[in-house]
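**Q** I have a structure here, written as C-alpha cells, and I will follow up with some questions on it.
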Amino acid sequence: MQSISYERARDVNHAIDLAREPGAKFIGGGTNLLDLYKSGIEKPVRLVDVSRLALSAIEELPDGGLRIGAMATNTAAGTDPLVRQRYRVLSEALLNGATTQLRNMATVGGNLLQRTRCYYFTDPAFARCNKRDPGSGCDAIDGHNRIHAILGASPQCIATHPSDMAVALAALDAVIHLQGPDGARQVPAVDFHRLPEDRPELDTVIRPGELITAVELPAMPFARHSHYLKVRDRASYAFALVSVAVAVDLDDGGNLRDVRIALGGVAHKPWRAGNAEQLLRGQAPTAELLARAGAAAVEGAQPQSENAFKVELAQRAVVRALQTVIQKAGAEKGAAA
C-alpha cells in the first residue's frame, strides 16, 4: 500500500511550501482528484488541503470586472448576482455542470484542473494511454471515440477537456491568477490549457507547486448578452458532446459590433473560434452569415471513426447559440429604445 500524508495549509505561502515535495497535490473540493486517486490514476504522496484558505471571495473590481477566488464553489460562482447579471454565459455554464451536490463541493480552481473523462484514461484496465503512461500509445484512436476530439488532437492523444466553466472563461477573455515558488503570475484563460501535441500528460501550463488563487473577469459590458449551450446525451449529469459559449455586442443598426465564441467537447482544451468571430464582426447577422460562422468554427476538423457527427453538431450549435443571444440582445435594445 502506498503511504500518503495529509496537511492542512494555513495560508497561501504555507500551501506552496508544503507542495514543494515531489508528488504533492493540492486538494480543494476533491470531486475529481479523489475519484482518480481511488482508481489508481493519480498517486499523490502528499495531499495539501487548501479548502480553508481565504480564497473564496467574489469581488467587484474598480473597472467593473470581477475577481472570483479559486476556492469559491461552483454553486457560489454560478449563483452570484454579479456573475448572473454581467457574465450570464459563465453562470449558465457553471449551473449546467454536474449535480447540485457536486457543484456545492467543487471549486473554481479545481474545475480548471479537472482531467479528461476519456474512457481509456480513467480505466487502468486499458494499458495504452499516453496521458496516463507517456509513450504507451492511445487506445482511443482505434477504439470507442464517440466523445473524443475533432479539433487540435494529435497522434498521441484525442481526449477532450470536460469543463463547462473553462469554455465560458475562454470566451470572456478571463485571466487565471497563479502563485508558486517563483512568485505570482497571470495566464490568459485561452492559454491555460494545452493541446496534446507530443506531451498529452500535461493538461495545463501550470508549473510544479503553483496554486490557482483567482480568476479575473475583465469588464465586458456586452457579456450580459451571452449564452452557454450544452448539447449532451441526457439532460443532467452528462458531459458535453459539444458546447458553445457566445457573447455578442449589437450596434444600433443590429449589426455585430463584437462577438466572442468558444467551443467545448471538441478539443483537448476550450476552443476559441477566432475565425468565426472575425467573420462576424461588423456584419449583419443573417442566416447565411451565421451558417458560415458555424462552418468556420470547425475549420480543420479531423473527426475519428465514431465522432464525425460532431462536425455538423458543432456548426449547428454555434448557429443556435448565436441566434439565441442575438434575439435576446435585440429584444433588450428594442425595449430600451
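**Q** Among (1) without any contact (Cβ under 8 Å) to a residue 60 or more places away in the chain; (2) surrounded by fewer than 16 Cβ atoms within 10 Å (Cβ to Cβ); (3) over 20 Å from Thr75 (Cα atoms), which single condition is Arg20 missing?
**A** Of the numbered conditions (1) without any contact (Cβ under 8 Å) to a residue 60 or more places away in the chain; (2) surrounded by fewer than 16 Cβ atoms within 10 Å (Cβ to Cβ); (3) over 20 Å from Thr75 (Cα atoms), the odd one out for Arg20 is (1).
**Q** Which condition number does Ala238 fail, the rest of (1) at pLDDT below 95; (2) crowded, with 22+ Cβ neighbours inside 10 Å; (3) not charged (D, E, K, R) being met?
**A** (2)
**Q** Quick one: how many residues across region 135-173 are hydroxyl-bearing (Ser, Thr, Tyr), open to solvent by 10 Å² or more (accessible area, probe 1.4 Å) and assigned to a loop (DSSP other than H, G, I, E, B)?
**A** 2
Yes/no matrix, rows are residues, columns are (1) in contact with a Leu (Cβ under 6 Å, 6 or more places away or on another chain); (2) without any contact (Cβ under 8 Å) to a residue 60 or more places away in the chain; (3) within 21 Å of Ala235 (Cα to Cα); (4) part of a strand (DSSP E or B):
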site: Ala54; (1), (2), (3), (4): no, yes, no, no
site: Val89; (1), (2), (3), (4): no, no, yes, no
site: Leu94; (1), (2), (3), (4): no, no, yes, no
site: Arg115; (1), (2), (3), (4): no, no, no, no
site: Tyr120; (1), (2), (3), (4): no, yes, no, no
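**Q** To continue, here is another question. From (1) open to solvent by less than 10 Å² (accessible area, probe 1.4 Å); (2) outside any loop (DSSP other than H, G, I, E, B), pick out the condition that doesn't hold for Ala296.
**A** (1)
**Q** Does Arg185 satisfy being more than 27 Å from Val259 (Cβ to Cβ), in contact (Cβ under 8 Å) with a residue 40 or more places away in the chain, surrounded by fewer than 22 Cβ atoms within 10 Å (Cβ to Cβ) and over 15 Å from the mean Cα position of the chain (by Cα)?
**A** Judged against the criteria, Arg185 is not a match.
**Q** Separate question: Search region 298-317 for residues that are closer than 23 Å to Gly274 by Cβ and pair each with any residue that is among the basic types (Lys, Arg) and open to solvent by less than 50 Å² (accessible area, probe 1.4 Å) when their beta-carbon atoms are under 7 Å apart and the residues are at least 6 apart or on different chains.
**A** Pro303/Lys310
To keep it simple, each residue is scored yes or no on (1) open to solvent by less than 10 Å² (accessible area, probe 1.4 Å); (2) at pLDDT below 95.
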residue: Asp252; (1), (2): no, yes
residue: Arg257; (1), (2): no, no
residue: Gly264; (1), (2): yes, no
residue: Ala267; (1), (2): yes, no
residue: Pro270; (1), (2): no, no
residue: Gly274; (1), (2): no, no
residue: Arg281; (1), (2): no, no
residue: Ala287; (1), (2): no, no
residue: Leu290; (1), (2): yes, no
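The values are calculated or read from the model by the stated rules, or taken from the named source; none is laboratory data. Please read all numbers here as calculations on a predicted model, not as lab measurements. Note that each Cβ is placed from the backbone with ideal geometry, even for glycine, and that neighbours are counted across all protein chains shown. The accessibility values were calculated without ligands, DNA or RNA, using every heavy atom of the protein model including side chains. Shrake-Rupley method; radii C 1.70, N 1.55, O 1.52, S 1.80 Å.
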